[in-house]
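Q: Below is the structure I would like to discuss, written out as structure tokens.
The values are calculated or read from the model by the stated rules, or taken from the named source; none is laboratory data. As the structure is a prediction and not an experimental result, all values here were calculated from the model. Cβ: placed from backbone, ideal geometry, glycine included. Neighbour counts: every protein chain shown. When the accessible area is computed, the model is the full protein with side chains, heavy atoms only, and any ligands, DNA or RNA have been set aside. Shrake-Rupley method; radii C 1.70, N 1.55, O 1.52, S 1.80 Å.
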Amino acid sequence: QVQLVESGGGVVQAGGSLRLSCVASGRTFSWYAMGWFRQAPGKEREFVAAVTRSGSTRYYADSVRGRFTISRDNAKNTVYLQMSSLKPEDTAVYYCAGSSGRDYYSTSGYDYWGQGTQVTVSS
């Protein structure tokens with residue numbers, strides 16, 4: 001089992017920045033690719049970003065590419081999502097997730113999920 005705990009959410013004005021963190025405990029963190037997803041009210045959970053086990057390769061949704069950066073620190077069992085130039089449409093609950101496979105873009109590719117952290121971007 002892997003336990004994931006997100007933090008760093010909050011309320012920010014459009015154009016602002018936030019950094020989300022997700023700390024993992026349990027099994028070896030470096031065994032898992034890590035991803036961030038988000039879910040807005042009334043919408044399905046959608047892929048935001050993912051990083052491979054070593055951190056060497058990163059994947060982004062088109063809607064956030066160039067504005068968000070995913071990174072990981074395997075020594076600290078932590079994955080980050082640096083969010084800049086935030087827009088009201090980025091408002092959602094953000095979830096981190098761990099994957100033992102290679103299907104980074106879909107929720108079904110992930111084995112473990114955090115409880116989520118709310119991000120609200122005001123216009």
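Q: Look through segment 88-110, keep the residues that are in contact with a strand residue (DSSP E or B) (Cβ under 6 Å, 6 or more places away or on another chain) and in a loop (DSSP other than H, G, I, E, B), and return whichever of them is most open to solvent (accessible area, probe 1.4 Å).
A: This residue is 105.
Q: What number of residues within segment 111-123 satisfy the criterion of being part of a loop (DSSP other than H, G, I, E, B) and either open to solvent by 70 Å² or more (accessible area, probe 1.4 Å) or basic (Lys, Arg) (or both)?
A: Of the residues in that region, 3 qualify.
Q: Quick one: how many residues across segment 1-47 are among the polar types (S, T, N, Q) and open to solvent by less than 30 Å² (accessible area, probe 1.4 Å)?
A: Total meeting the criteria: 1.
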